[in-house]
Every structure is written in C-alpha cells, then in structure tokens.
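The values are calculated or read from the model by the stated rules, or taken from the named source; none is laboratory data. Remember, predicted model here, so these are calculated numbers, not experimental data. Backbone-built Cβ (ideal geometry, glycine too); neighbour counts: all protein chains shown.
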Amino acid sequence: MDLGIAGRTALVTGGDSGIGLATARLLLEEGVRVALTDLDEGALRAAAATLPGEVLLVAADLTRADDVERLRAQVLEGLGRVDVLVHAAGSTGSTGDFATIDDEGWRSTLDVDLLAAVRVVRAFIEDMKGRGWGRVVLIASEDALNAYPDDLPYVAAKAALLSLTKGLSKTYGRHGVLVNAVAPAFIETPMTDAMMDERAAAHGGTREDAIERFLREDRPGIALHRRGTVEEVASVIAFVVSERASFVNGSNYRVDAGSVGTI
C-alpha cells in the first residue's frame, strides 16, 4: 500500500530503540526523511547504523526547554521542516504503592511522560499549521485506560496525553494538522525487558518465566498471550501519519491485543 508520504520529513523522539526506532525504519522505507532524537548520542549512532538510510541525529533532553529549542534549530537546519512528529520518548517513572511515591517521583514522571510531549509539540506544530499540513502522533499506553495501581504517575501522565491529543486535534485539525495517539500494551522493548528482568530477579526463574507469569497474572486481557512487537506498533503509526488516514483526527489507536476491556 502506498502511504503517500514519500518526500515528507519526520522527527521521531525516543528514537534509539523500541517503538521509536522501528517507526523510523518503516518511515525510511516509505521514502520519508527522518530525524531521530534521544538522550544518548552514542546510543543514537548505534541505532542509526541499523537503519536502511541516512538519518539526522540530535541528542537532547526533552525535560529541558533549552534542549528542545536546540533540537528544533538543528532539525530545521538539517531537514528544512518537520511534517510528521512521532513522540515515542518516555519511561516508566516512579512506581510502587501510591502512599510511598513522593512529590519528586510524581514531578519527574510527569516531566518525562507528559511535559516532554508538550514541549516538543509546541516546538513544531505551529510551523505545520503555517504550511497547512502536518501529522502528530503521541505514544500513550493501555495504562491510560487500565489504571494499574503500582504505576499511578505513569497512568496519570498517559491519560493526560490522550486528553492532550484530543484538545490539539480540535485546535489544529482545521489547519490541516491531524493529531492522534497510539496506545500499545506490553510491547517487546528494552523498557519491558528491564521490567521482566526485575521480576525474574524478585521471583526467580528466567525472563521468559517472568513474561509468562506477568501475562497470566497481570495482563489476562491480552488475548494473544504474548508481548507485541515494535513492528506491530510502528505499522499502525505509519498508517496514522499517512495520506491513507487523512480523515483520522483526535483518535486513539490501541495496539493491545484486547488488553483494554472496553470497545
């Protein structure tokens, strides 16, 4: 299927691994010029070496407003414009019993998982509006709808991303800029690898044992009974940013194998 985005330009945050890297690969295959950003320049270079084309690399800390401004300047200098913004950067943040997570735990998690998105979108969306065409995809999570008690700062941040998506879609859709969310569940990424390794260390057994136990005890709604792949998420993102999704705005695409219990 021709997605109609060859020649467009894209910025992918969280691009050194996982969903961000897989999305960059698929966009490159569709003829999109791509910039990647993440915290560590070395990790970005290693990631770029696996991609089927040249990419612009900018290491940046999205919790710092000055870094986001520098990111904007370097990407615009290198690509000329950003037509597509995929915000995949994020982390699990502070976890544990609600009563044990202090203000700093909440602040740091919201800064990474919510305010970073605000900063990056703010840096590029007005330019899209001025050109009359743009696509923004914010990577949320099933946690936005399934409020897991041990991850409440992350849950709150991802739920806020869905509200941000809807609000931005109403503000910018009339100007040709479509804003949507993609919400994965339990995808095979370095983040969930680390989660499963931690569980394996706590309960004994291998990572695969921990995955099996987690699916059985904590994610019984995942009907396929496995972790999703980053390619499965990237395929949905690529569709959402394409001309094939030109009437899709303010939506949340759940890539969760049925984990969320509602329609």
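Scanning segment 72-121 for residues that are of a type in the set (V, I, T) and outside any helix (DSSP H, G or I), we see that the one that is nearest to D151 (Cα to Cα) is T95.
Any residue in segment 213-232 that is outside any helix (DSSP H, G or I) and within 22 Å of V32 (Cβ to Cβ)?
yes
The number of residues in segment 188-230 that are hydroxyl-bearing (S, T, Y), crowded, with 18+ Cβ neighbours inside 10 Å, free of Cβ contacts under 8 Å to residues at least 40 places away in the same chain and touching a helix residue (DSSP H, G or I) at 6+ places or on another chain (Cβ under 7 Å) comes to 0.
Which of the residues that make up segment 169-181 are free of Cβ contacts under 8 Å to residues at least 60 places away in the same chain and part of a helix (DSSP H, G or I)? Break it down stepwise before answering.
Restricting attention to segment 169-181, the residues satisfying the condition of being free of Cβ contacts under 8 Å to residues at least 60 places away in the same chain are 171-172, 174-177.
Answer for segment 169-181, where residues must be free of Cβ contacts under 8 Å to residues at least 60 places away in the same chain and part of a helix (DSSP H, G or I): T171, Y172, R174, H175.
Listed by first and then second residue, the pairs with beta-carbon distance under 6 Å, at least 6 apart or on different chains, first residue in segment 125-140 and under 28 Å from D256 (Cα atoms), second assigned to a helix (DSSP H, G or I) and basic (K, R), are A140/K158.
A count restricted to segment 45-72 and to residues that are more than 24 Å from L110 (Cα to Cα) and in contact with an Asp or Glu (Cβ under 6 Å, 6 or more places away or on another chain) stands at 1.
Take the conditions (1) surrounded by fewer than 18 Cβ atoms within 10 Å (Cβ to Cβ); (2) modelled with pLDDT under 95; K166 misses just one of them, which is (2). Residues in segment 97-132 that are crowded, with 16+ Cβ neighbours inside 10 Å and among the aromatic types (F, W, Y) were compared, and the one that is farthest from R8 (Cα to Cα) is W106. The condition of being in the same structural domain as G80 (by TED's automatic domain parsing) and either over 21 Å from the mean Cα position of the chain (by Cα) or under 23 Å from S108 (Cβ atoms) (or both) holds for only one of A194, A234, A159, A210, that being A159. In the set (1) in contact (Cβ under 8 Å) with a residue 24 or more places away in the chain; (2) crowded, with 19+ Cβ neighbours inside 10 Å; (3) touching a Leu at 6+ places or on another chain (Cβ under 8 Å); (4) under 26 Å from V236 (Cα atoms), the condition left unmet by V68 is number (4).
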